[in-house]
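A.B. asks: Okay, handing you the structure first.
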Amino acid sequence: MVYLDHNATTPLSREAKEAMLPFLDGDYGNPSSIHSAGRIARAAVDDARDRLAVLFGAKPHEIIFTGGGTESCNLGLIGIARAHAVRGKHMIISAVEHHAVLHAAEHLQHFEGFEVTILPVDSYGIVDPQFLARLIRKETTLVSIMHANNETGALQPLADIAAVCLERGVFFHTDAVQTFGKIPVSAKLAGLSAISIAAHKFYGPKGVGALYLGAGIALSRTVYGGSHENSRRPGTENVAAIVGMAAAAEVSTSRCSEDADRFAALRERLWQGILSSCPHAVRNGDPAHSLPNTLNVSFPGADGEALLMGLDLEGVCVSSGSACMVGSIQPSHVLIAMGVDSRTALATVRFSAGHATTEDDIDFAAAAVGRVAKLQPALAA
């Protein structure tokens, strides 16, 4: 099996697994308990928070542990918007956001009286910071624009966006679920208020994530209960997962630079291999402004579902876009926003490499695409 769906999830790293094992066996205390077993668990959570804060370039109290990337995005978006609604109830998000942000914004619009402006993207899936500046008004409280798109890998001009938000005095949240551990992500970027991450995207366990929230920024709860996470996110901490996330984060961030060059070479090798058998294939996005591990390809005239099933039968694991939209027969909102027509958007495959991906894997996948393509009249012509 060749696994090229690392944007959906990654395997658990050895370092993360080893860090987690003690807390899945003997060290099972509740970190809120005052006895020795609880203190061991609390020390582990505090240590993980300290280590993640170092990687972010943040202070430990600015790190909030969550149940994953979706909760982190919800907490960042809804939590900041609610806490600062007195300043204004207008927010701006991009047209290519993950549904964790899109649906959170829709909730605020439909049920809490907020107005949401959708910032368009160009044909590469990139926003224009100057157009964003023109959309910000006096009642704008929050801007949320993802760092990199989960489907196309398109990288947004984060520094320019943050500068606009800083100049206009609005909070800026970014969904960095696809970038943390792949390319540098820093909380020190002036104008950046909040960052969301998810452990299973960088070889940590599923079901755990974090929100960086700049010091002094008020946040309203989205879940109600105890006073965990400094009264910002109640619920008993998942100690094993949190420890595993910190271990995985350290490994992934330490190899960002070397991985980026290798991934970019593998991505281009795959694209050339696909083109050799499918000359009418279309690459979505700008490789100069994209995650190095991600290749998004449309096969005009093809049956997208048949492509995925065919590649699966060939032993190649890929996806049509967001793994969170399994069962959806709707074309990707990301590709539609980029100007891709609906039929072509439905005939699109995302390939995303990982730490274990080799040149042999890439060559196998490219050959498999060629074999599957021959079974579709539109591609075989």
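A.B. asks: Quick check on Glu18: is it closer than 30 Å to Asn150 by Cβ and surrounded by fewer than 16 Cβ atoms within 10 Å (Cβ to Cβ)?
C.D. replies: The answer is yes for Glu18.
A.B. asks: Examine the stretch 253-268 for a residue that is modelled with pLDDT of 95 or more, in contact with a Gly (Cβ under 7 Å, 6 or more places away or on another chain) and within 30 Å of Ser186 (Cβ to Cβ), and state whether such a residue exists.
C.D. replies: For the stretch 253-268, residues modelled with pLDDT of 95 or more, in contact with a Gly (Cβ under 7 Å, 6 or more places away or on another chain) and within 30 Å of Ser186 (Cβ to Cβ): present.
A.B. asks: If I filter the stretch 339-346 for residues that are in contact with a helix residue (DSSP H, G or I) (Cβ under 6 Å, 6 or more places away or on another chain), under 19 Å from Ala154 (Cα atoms) and among the polar types (S, T, N, Q), do I get at least one hit?
C.D. replies: Taking every residue of the stretch 339-346 in turn, none turns out to be in contact with a helix residue (DSSP H, G or I) (Cβ under 6 Å, 6 or more places away or on another chain), under 19 Å from Ala154 (Cα atoms) and among the polar types (S, T, N, Q).
A.B. asks: Which one of these is over 19 Å from Ile126 (Cα atoms), part of a strand (DSSP E or B) and not assigned by TED's automatic domain parsing to the domain that holds Ala248: Phe351, Phe364?
C.D. replies: Values: Phe364 fails: part of a strand (DSSP E or B).
Step by step, each of Phe351, Phe364 is checked, and only Phe351 is over 19 Å from Ile126 (Cα atoms), part of a strand (DSSP E or B) and not assigned by TED's automatic domain parsing to the domain that holds Ala248.
A.B. asks: To continue, here is another question. Would you be able to say whether some residue in the stretch 235-248 is crowded, with 21+ Cβ neighbours inside 10 Å, hydrophobic (A, V, I, L, M, F, W, C) and outside any helix (DSSP H, G or I)?
C.D. replies: No, the stretch 235-248 has no match at all.
A.B. asks: Considering only residues of the stretch 185-234 that are more than 18 Å from the chain's Cα centre (by Cα) and hydroxyl-bearing (Ser, Thr, Tyr), which is surrounded by the most Cβ atoms within 10 Å (Cβ to Cβ)?
C.D. replies: Checking each candidate, the answer is Thr222.
A.B. asks: Of the residues that make up the stretch 14-22, is at least one part of a helix (DSSP H, G or I), among the aliphatic types (A, V, I, L, M), at pLDDT 95 or above and more than 25 Å from the chain's Cα centre (by Cα)?
C.D. replies: yes
A.B. asks: Pick from the stretch 131-152 the residues that are touching a Leu at 6+ places or on another chain (Cβ under 8 Å) and assigned to a helix (DSSP H, G or I): which of them is nearest to Arg87 (Cα to Cα)?
C.D. replies: Leu135
A.B. asks: Name the single residue that is surrounded by the fewest Cβ atoms within 10 Å (Cβ to Cβ) among those in the stretch 347-373 being without any contact (Cβ under 8 Å) to a residue 60 or more places away in the chain and under 16 Å from His280 (Cβ atoms).
C.D. replies: It comes out as Val349.
A.B. asks: Let me ask another. Answer yes or no as to whether Ile34 is buried (at least 18 other Cβ atoms within 10 Å of the Cβ) and free of Cβ contacts under 8 Å to residues at least 60 places away in the same chain.
C.D. replies: Criteria not met by Ile34.
The values are calculated or read from the model by the stated rules, or taken from the named source; none is laboratory data. Nothing here was measured: the structure is a model prediction, and the numbers come from that model. Please note: Cβ atoms are built from the backbone with ideal geometry, for glycine as well, and neighbour counts cover all protein chains shown.
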